[in-house]
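The structure under discussion appears below in the form of structure tokens.
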Amino acid sequence: MTSRYSEPLFVISVAARLVEMHPQTLRKYEREGLVAPSRTAGNLRLYSDEDIERLRQVKYLVESRGLNLAGVQLALELTTSLRSLRAAMDGTTANRGWKTDIDRILVELGFVEQQQLRESARRRAT
């Protein structure tokens, strides 16, 4: 990912609108350790695109998959591990079947990269 992807951009009210959640829910998820927004010198929370993506995954896991927050934490840890494994496999062609399986599991865990969302939105618009 580029450095801009993890650059803090959105205050909590904007982030809440982007993920269609109440700002108090975002605060709760921060207390639970599910997301860690940056802080300004004035202690305002600033959310990056990466944080927004993670919040969308949390929302999916809670609302669509019915996980509690402990289950969400495990799913997020699994997502991180699978993404690392997938990145390590990117240079190889011998593991194509495994890559497909990992991608399928990531989708089931609600992980969709922002790039994929933009491309699919662009296709729908044309």
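The values are calculated or read from the model by the stated rules, or taken from the named source; none is laboratory data. On a predicted model such as this, the values are computed, not experimentally measured, just so you know. Neighbour counts run over all protein chains shown; Cβ positions are idealised from the backbone, glycine included.
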Exercise. Is there a residue being modelled with pLDDT of 95 or more, more than 24 Å from L106 (Cβ to Cβ), in contact with a Ser or Thr (Cβ under 6 Å, 6 or more places away or on another chain) and surrounded by 12 or more Cβ atoms within 10 Å (Cβ to Cβ) anywhere in the stretch 3-22?
Worked result: no
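Please state which one of A41, A70 is at pLDDT 90 or above and assigned to a loop (DSSP other than H, G, I, E, B). Don't jump to the end; show me each part of the working.
Details: A70 fails: assigned to a loop (DSSP other than H, G, I, E, B).
Sole residue among the options that is at pLDDT 90 or above and assigned to a loop (DSSP other than H, G, I, E, B): A41.
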Problem set entry | Any pair with Cβ under 6 angstrom, 6 or more apart, that starts in the stretch 69-91 at a residue that is closer than 30 Å to K28 by Cβ and ends at one that is not in a helix (DSSP H, G or I) | L69/E32; A75/L109; T79/L109; T79/F111
For this session: Identify all residues within the stretch 53-67 that are basic (K, R) and not in a helix (DSSP H, G or I); write none if there are none.
Result: R65
Exercise. Just to be sure, is E50 at pLDDT below 95, under 30 Å from V11 (Cβ atoms) and either assigned to a helix (DSSP H, G or I) or in contact with a Pro (Cβ under 8 Å, 6 or more places away or on another chain) (or both)?
Worked result: yes
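Which of the residues spanning the stretch 1-29 are closer than 27 Å to R86 by Cα and among the acidic types (D, E)? Let's see the steps before the verdict.
At the first step, the residues of the stretch 1-29 found to be closer than 27 Å to R86 by Cα are 1-8, 19, 29.
Correct list: E7 only.
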For this session: Can you run down the residue pairs with Cβ atoms below 7 Å, 6 or more apart or on separate chains, where the first is in the stretch 6-29 and under 18 Å from N43 (Cβ atoms) and in contact (Cβ under 8 Å) with a residue 60 or more places away in the chain and the partner is charged (D, E, K, R) and not in a strand (DSSP E or B)?
Result: none
For this session: With the condition kept exactly as written, say whether any residue in the stretch 83-95 is under 19 Å from the mean Cα position of the chain (by Cα), surrounded by 13 or more Cβ atoms within 10 Å (Cβ to Cβ), modelled with pLDDT of 85 or more and of a type in the set (D, E, K, R).
Result: yes
